[in-house]
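Trainee: Got a structure for you, questions after.
Any read-out appearing in this document is the output of simple, stated calculations on the displayed coordinates, not a laboratory observation. Just so we're clear, the structure is a prediction, and the values are computed from it rather than from any experiment. A quick note on method: Cβ atoms are made from the backbone with ideal geometry, for glycine too, and the neighbour counts reach across all protein chains shown.
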Amino acid sequence: MSDPREAGMVGRRTDGKVVRRPLSPHLQVYDMMQMTSFVSIMHRITGTAWAGGTLLLAWWLMAAATGEVAFARVQWFMSSWLGLLMLFGLTLAAWYHTLAGLRHLVWDAGFGFDIPTVYKTGRAVLIGTGVLTVLTWLLAIVFWG
């Protein structure tokens, strides 16, 4: 008896020859201490966090449109330790996702695929994220604090 999943693993090349497609790897095969895996997976996670952060923005904008009482509640939450932690994490996610996205744009242009460059740009994304996040918060504290 044939496994019904076999149908999804068999394909044909343009010349008609039958080929077996590989199974997609799962997270267990990735070494999270390897720069390439870590940067790639974190890019996906920060993209999700950044998308989720738009809910905070929507809440803030709806409260601003609703009135002073609703806006004061949002402002209170955003200035609480949990709100500030969420905003800091959102800032971190935004910078990381932006820098990793720029790295992907360079790759899309056909540059930076050799292993030494991949590791250099991965480290640049990590260091740049830390520096830009701290700089963003320092500027926020100085100008709006």
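Trainee: About its Cα centre, what dipole magnitude does the chain give when the only charges are +1 on Lys and Arg Cβ and -1 on Asp and Glu Cβ, stated in debye to the nearest 20?
Mentor: The calculated dipole for the chain is roughly 380 debye.
Trainee: Scanning the chain for trypsin sites (Lys or Arg not before Pro) in DSSP loops with at most 16 other Cβ atoms within 10 Å, what's the longest stretch left with none?
Mentor: Counting at most 16 other Cβ atoms within 10 Å as exposed, the longest clean stretch of the chain is 18-145.
Trainee: So what's the angle, to the nearest 10 degrees on a 0 to 90 scale, between helix 81-108 and the longest Cα principal axis of the chain?
Mentor: Taking Cα atoms only, the helix is inclined about 40 degrees.
Trainee: Let's test this: bin the Cα-Cα distances of the chain at 5 Å from zero up to the farthest pair and state each bin's percent.
Mentor: With a bin width of 5 Å, the distribution comes to 2, 8, 12, 13, 13, 11, 11, 9, 7, 5, 4, 3, 2, 0, 0.
Trainee: Quick one: if you stick a label point 7 Å off each Cα along the C-beta vector at A70 and L135, how many nm between them?
Mentor: Spacing of the two 7 Å Cα→Cβ label points: 3.7 nm.
Trainee: Which angle between 0 and 90 degrees, to the nearest 10, do you get for helix 115-144 versus the longest principal axis of the chain when only C-alpha atoms count?
Mentor: 10 degrees
Trainee: Using helices alone, I'd like the mean residue ellipticity at 222 nm for the chain: each DSSP H run of four-plus residues gives -39500 (n - 2.57), total over residue count, nearest 500.
Mentor: -25500 deg cm²/dmol
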